[in-house]
Each structure stands twice: as C-alpha cells, then as structure tokens.
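Okay, so here's the structure we're looking at.
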Amino acid sequence: MNASPRTYEIRTHGCQMNAHDSERLAGLLEDAGYRRVPGDATPDVLVFNTCAVRENAADRLFGNLGHLLPVKRATPGMQIAVGGCLAQMERTAITRRAPWVDVVFGTHNIGSLPALLERARIREEAQAEFGETLETFPSVLPARRESAYAAWVAISVGCNNTCTFCIVPGLRGKEKDRRPGDVLAEIRSLAADGVIEVTLLGQNVNSYGAEFGDRDAFGRLLRRCGEIDGLERVRFTSPHPRDFTDDVIEAMAHTPNVMPHLHMPLQSGSDTMLKAMRRAYRRDRYLSILDRVRAAIPDAAITTDIIVGFPGETERDFEDTLDVVRAARFAGAFTFLYSPRRGTPAATMDAQVPPEVVQERYDRLIALVGEITLAENQRLAGTVAEVLVAEGEGRKDAATHRMSGRARDNRLVHFTPQDTAPRPGDVVTVAITRAAPYYLVADGAPLAVRRTRAGDAWAARQDSDQTAERDLAGTPARSRASRPAPVALGMPTLSRPLSLSGSCAVFRALWSLSKCSSTASGVVAGLR
Ligand code: SF4
C-alpha cells in the first residue's frame with residue numbers, strides 16, 4: 001500500500017481575486033491531506049483556476065486540457081479539476097468537450113473542491129457544481145498563502161456596476177462585503193504570523209460597506225489597519241472614481257502604514273467613451289480626485305488602467321485620453337487593446353474600431369506613457385527609497401546580481417545587495433542611482449538593511465517547504481507539469497504595459513502571475 005499523500009498543483013490565471021482563491025484552494029486541499037507536488041513530478045490532482053477575461057481563454061483552456069489527456073492516461077489515479085470564471089461561464093461544456101476532466105466548479109463553489117474530487121473518484125464520473133450566489137466567503141476557508149511576508153485580504157467579492165466592457169458582474173455576481181471585524185481579525189492573524197504588508201482586495205473598494213449600510217466603511221477600515229501592531233504596509237485595489245471620497249484621501253494621508261500609492265482606473269479620457277462604457281464619472285471629476293490626492297499626499301504615485309479602441313472611439317476621443325494622460329502624470333499605466341468579448345454589452349455595439357486603428361492608437365499611447373513614467377522616475381534619482389525585498393519581482397536578478405522589491409509608492413526597485421544578505425520580507429534602504437520607464441535602479445551599497453519578522457517568516461517557510469519536499473521524496477517522479485511561479489503581491493502596477501483590452505484588478509494582476517506576464521496580447525472584459 002502506498003502511504004504517500006496525494007499531491008496537487010494549482011495553475012492560476014487572471015487576477016488577484018483568482019490568486020487569492022487559489023490560496024484557499026491550496027489550503028482546502030492541504031487540510032484534506034493533499035500535499036503540494038514537489039519538483040518536477042506530475043501531480044495526482046491538477047487544478048486550473050481559470051480567467052474568462054483574456055481573448056480565446058476557452059480555446060487556450062481546451063488546448064491545455066487536450067495536452068493533458070495522454071498525461072492523464074499514463075498516470076493512474078490522476079484527476080483534473082477546472083474552476084474560476086471560465087468554468088462558471090462554460091459550465092458543463094467543459095466536461096462535454098473534455099470528458100477526461102473530473103471536476104468543474106464555479107466561482108462560488110471553491111469550498112466544495114475536496115468533496116467533489118472524492119465523489120468523482122468514488123463514482124468514477126465527472127462532478128460539476130455551480131452556485132448562483134456566494135454562500136461561504138472564501139476568506140473563511142483555510143489558506144495556503146503563497147507569500148510569508150505579504151498577503152491579499154478580500155474585503156468584498158462581486159460588483160454592482162455594469163461597465164459595458166466587463167464580464168465580471170455576470171461571473172462573480174453582486175457585491176458582497178465582509179464585516180470589518182472579520183477583515184481586521186484576518187489581518188491581525190496574518191501580522192501575528194509575520195506578514196508585514198497586506199493588500200485589501202475588492203472589485204470596487206470604495207463601495208465597501210454599501211451592503212451593510214456604512215458608506216464610510218472603507219476609510220474607517222484603512223484607519224483601523226493603522227492600529228494593527230507589526231503591520232507596516234497597507235495597499236488596496238481597486239478604487240473606483242465614481243465612489244472615491246475625500247474621507248478615503250484623508251484616511252490615506254493620516255494613516256502612516258497606508259502606502260502613498262493610488263491605482264485609479266481611468267479607462268478613457270473622453271466623456272463620450274466613459275458614458276458608452278457606463279463609467280459613472282467624467283474626466284473633470286477624475287482629474288480633480290488626482291489633484292486632491294496630490295495635495296494631501298505629495299509623494300503619492302498614481303497609476304491607472306486605460307482601454308484603447310472601445311467601440312465608437314474616434315480620433316478626438318483618443319486625443320482626449322492622451323490629454324488626460326499628459327495632465328495626470330501617471331507613474332504607470334496598464335494599457336489595454338480593446339477587442340470584443342463575448343457576453344459583454346460592448347461586444348455587440350456598433351462602430352467597432354478596426355484592429356489596425358486600435359493598434360496604431362495603442363502604440364501612441366504606450367509611447368506617451370513611457371515618456372511620462374521615465375520623466376517621473378528620473379525625478380527620483382538621488383532620492384532614498386525603502387524597499388520591501390520580494391521574491392519573483394526581478395526576472396534578471398540572477399544575471400545582474402541584484403535583488404528587487406517595491407518602494408513605499410509601489411515602484412519596482414532593483415538594487416545591488418553588495419555584501420549584505422537581505423531575505424524576502426526584509427526591508428532595505430537604498431539610494432536611487434538610475435531610472436527607467438518601469439523601474440528604478442539602486443546600484444550603490446544599501447544604506448541600511450532591516451531584518452524583519454517577515455524575513456524570519458520567509459526563512460521558516462523555506463525550511464518547512466524543504467522538509468515537506470524531502471518527506472515526499474519517495475513519490476515516483478513523473479514527467480513534469482509546471483511548477484507554480486512565485487507570486488508577487490502588492491499592487492503590481494508599475495511595470496511594462498500589457499496589451500490586454502479590458503481592465504481592472506483582473507488585468508493588472510496578470511502582471512503578478514509571472515506565467516501570464518510575458519504572453520499578454522489582445523483582449524478585454526475587465527474590472528474596475
Ligand atoms: Fe465592476 Fe470593475 Fe467590471 Fe466595472 S470594470 S463592472 S467596476 S468589476
């Protein structure tokens with residue numbers, strides 16, 4: 001009898017919300033006795049946590065599933081599960097087109113995964129479960145966190161808006177808010193475990209509290225985060241210009257551990273386009289929010305999302321967007337090429353913009369954004385930055401002998417540790433020597449290295465992961481699926497623009513998942 005625990009691997013696509021859900025899926029599986037697959041082995045259970053936002057997402061999923069068929073045939077007992085937004089959208093089409101899939105589950109059903117796997121194994125037939133409403137808030141489920149030093153904390157799921165390019169409300173449902181006491185309890189528990197940075201997650205954090213009748217709940221929540229011992233950095237994503245209030249600006253300005261970074265989705269600088277997108281704000285409101293934020297928080301870095309080529313966009317509309325970009329002086333922008341997304345109102349609108357026109361405008365936009373972000377970054381040469389050292393942020397770190405992390409304003413900083421040895425989770429103080437459009441470089445010796453509880457937690461995690469891998473070393477090594485990439489937490493916004501059309505937290509997070517980050521092309525249907 002083989003006493004080895006069954007192993008699992010989760011492949012996550014899409015946004016922070018999906019990455020957050022994947023941590024819950026991993027926690028549920030570990031609670032049920034599964035262990036993360038070591039090294040290059042093929043897992044006993046392979047879970048796809050899918051995203052419906054990217055163009056051809058279904059084709060890609062079915063392509064992946066097709067490649068897995070011979071692997072599954074050669075691997076007795078292997079199970080494949082598909083969850084997330086695409087599963088919610090395609091539902092039973094998945095087991096019809098790929099009958100070797102064992103489990104399909106919806107966005108409201110992640111808590112059922114272990115039971116569905118067990119049932120599929122016993123009954124030897126595929127299991128599917130889709131709830132229409134969220135019954136269990138994912139945050140109450142056990143989690144296997146990807147990072148020991150930073151964490152996402154969901155404050156709400158779903159969205160009450162109806163942006164015409166967005167597929168999210170249909171897939172994630174109406175907004176549901178967690179009670180502040182539950183959110184704060186989770187953050188306190190994370191801080192007690194060594195986490196020093198949290199990112200509060202919601203499709204629209206500024207409408208947080210609407211469900212329980214407290215319109216000021218988000219500002220209040222930020223202030224309460226400021227009272228949590230050991231919590232050094234608080235970020236959030238995403239705000240919405242329609243619901244953003246001065247109270248939140250004040251809370252940001254007066255709560256020392258709330259970081260000076262605001263990711264404020266613009267989507268378009270044309271009032272005509274904003275109306276067509278059903279975005280309930282206009283460019284003047286947008287720019288006035290930025291003015292007030294900068295007045296209250298002079299060192300704030302402001303980043304954004306912009307969609308190019310929305311149906312009906314004229315050259316004049318596009319010029320309006322360029323004007324707002326010039327006025328806003330963004331520190332970074334996620335720029336998306338629009339293309340029609342099945343299931344969204346915009347997909348059937350008249351006056352779709354020809355792809356070559358969209359591309360030409362997009363090229364002009366990223367040139368302008370690059371010019372502005374470079375100029376803004378160059379202003380920081382010679383200044384001092386406090387960097388939270390991160391795992392997986394600097395792809396060339398090994399070759400350049402640098403380490404990487406995020407400054408307080410969320411700018412990506414590559415630094416040379418010289419003869420210091422900070423760990424992910426530690427905090428280094430560096431002098432910025434050079435700027436590029438999407439990052440800063442600090443090539444002198446660090447001015448200070450502060451070893452933190454978060455660095456200790458990271459080191460302890462390394463030790464326990466190595467022990468777990470040794471314990472599983474007797475597991476027969478099969479040919480490889482792929483190893484989960486490290487997940488960068490925080491707001492992954494100050495980086496090279498992607499060509500996705502759509503936006504919101506969903507798209508931005510594609511950044512943080514390195515498997516997605518180099519492949520983006522095409523399409524939208526986003527959030528925020
Ligand atoms: Fe909601 Fe964002 Fe989608 Fe708009 S784009 S419907 S705010 S999730």
Single unsatisfied condition, Glu376 versus (1) in a helix (DSSP H, G or I); (2) surrounded by fewer than 16 Cβ atoms within 10 Å (Cβ to Cβ); (3) in contact (Cβ under 8 Å) with a residue 12 or more places away in the chain: (2)
Options His254, His263; residue that is at pLDDT 95 or above, of a type outside the set (D, E, K, R) and away from the ligand (no atom under 16 Å from the Cβ): His254
The one condition Gly173 fails out of (1) on the phi > 0 side of the Ramachandran plot; (2) touching a residue at least 24 places away in the same chain (Cβ under 8 Å); (3) more than 16 Å from the ligand (Cβ to nearest atom) is (3)
Going through segment 89-99 one residue at a time, which ones are in contact with a Leu (Cβ under 7 Å, 6 or more places away or on another chain) and open to solvent by less than 30 Å² (accessible area, probe 1.4 Å)? Ala98
Test for Phe318: is it within 16 Å of the ligand (Cβ to nearest atom) and in contact (Cβ under 8 Å) with a residue 12 or more places away in the chain: no
Just checking, which of Asp463, Asp456 is of a type in the set (Asp, Glu) and under 26 Å from the mean Cα position of the chain (by Cα)? Asp456
Taking Leu201, is it crowded, with 19+ Cβ neighbours inside 10 Å, without any contact (Cβ under 8 Å) to a residue 12 or more places away in the chain and of a type in the set (A, V, I, L, M)? no
For Asp229, only one of the following conditions fails: (1) open to solvent by 40 Å² or more (accessible area, probe 1.4 Å); (2) farther than 21 Å from Ala150 by Cβ. What is its number? (2)
Need pairs with beta-carbon distance below 9 Å; first residue surrounded by fewer than 15 Cβ atoms within 10 Å (Cβ to Cβ) and within segment 455-484, second at pLDDT 70 or above and in a helix (DSSP H, G or I); sequence gap 6+ or separate chains. Ser479/Val71
In segment 329-364, residues that are of a type in the set (A, V, I, L, M), in a helix (DSSP H, G or I) and surrounded by 22 or more Cβ atoms within 10 Å (Cβ to Cβ) total 2
Would you point out which residue out of Glu371, Glu386 is in contact with a Lys or Arg (Cβ under 6 Å, 6 or more places away or on another chain), closer than 24 Å to Leu262 by Cβ and open to solvent by 20 Å² or more (accessible area, probe 1.4 Å)? Glu386
Regarding segment 164-178, can at least one residue be identified that is outside any helix (DSSP H, G or I), under 16 Å from Phe236 (Cβ atoms), at pLDDT below 95 and in contact with a His (Cβ under 9 Å, 6 or more places away or on another chain)? no
Against the condition of a type in the set (Phe, Trp, Tyr) and over 22 Å from the mean Cα position of the chain (by Cα), how does Phe130 come out, does it pass? yes
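Here is a yes/no grid of residues against (1) open to solvent by 20 Å² or more (accessible area, probe 1.4 Å); (2) outside any helix (DSSP H, G or I); (3) touching a residue at least 12 places away in the same chain (Cβ under 8 Å):
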site: Asn18; (1), (2), (3): no, no, yes
site: Glu23; (1), (2), (3): no, no, yes
site: Val47; (1), (2), (3): no, yes, yes
site: Asn64; (1), (2), (3): yes, no, yes
site: Val101; (1), (2), (3): no, yes, yes
site: Val104; (1), (2), (3): no, yes, yes
site: Leu116; (1), (2), (3): no, no, yes
Is it true that Thr272 is in contact with a helix residue (DSSP H, G or I) (Cβ under 7 Å, 6 or more places away or on another chain), open to solvent by 10 Å² or more (accessible area, probe 1.4 Å) and either within 16 Å of the ligand (Cβ to nearest atom) or polar (S, T, N, Q) (or both)? yes
Assess whether Gly226 counts as being at pLDDT below 95, farther than 16 Å from Phe244 by Cα and of a type outside the set (A, V, I, L, M, F, W, C). no
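Rundown of residues vs (1) part of a helix (DSSP H, G or I); (2) touching a helix residue (DSSP H, G or I) at 6+ places or on another chain (Cβ under 8 Å); (3) open to solvent by less than 10 Å² (accessible area, probe 1.4 Å), yes/no style:
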| site | (1), (2), (3) |
| --- | --- |
| Thr42 | no, yes, yes |
| Val53 | no, yes, yes |
| Asp59 | yes, no, no |
| His67 | yes, no, no |
| Pro76 | no, no, no |
| Ile80 | no, yes, yes |
If you go through Ala143, Ala148, Ala154, Ala210, the only one that is within 16 Å of the ligand (Cβ to nearest atom) and either within 25 Å of Gly84 (Cα to Cα) or of a type in the set (Ser, Thr, Tyr) (or both) is Ala154
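The values are calculated or read from the model by the stated rules, or taken from the named source; none is laboratory data. Note that this is a predicted model, so its numbers are computed, not measured. Every residue, glycine as well, gets a Cβ built from its backbone with ideal geometry; the counts of neighbours run over all protein chains shown. The protein model used for the area step is the full one, side chains on, heavy atoms only, and it has no ligands, DNA or RNA in it. Shrake-Rupley method; radii C 1.70, N 1.55, O 1.52, S 1.80 Å.
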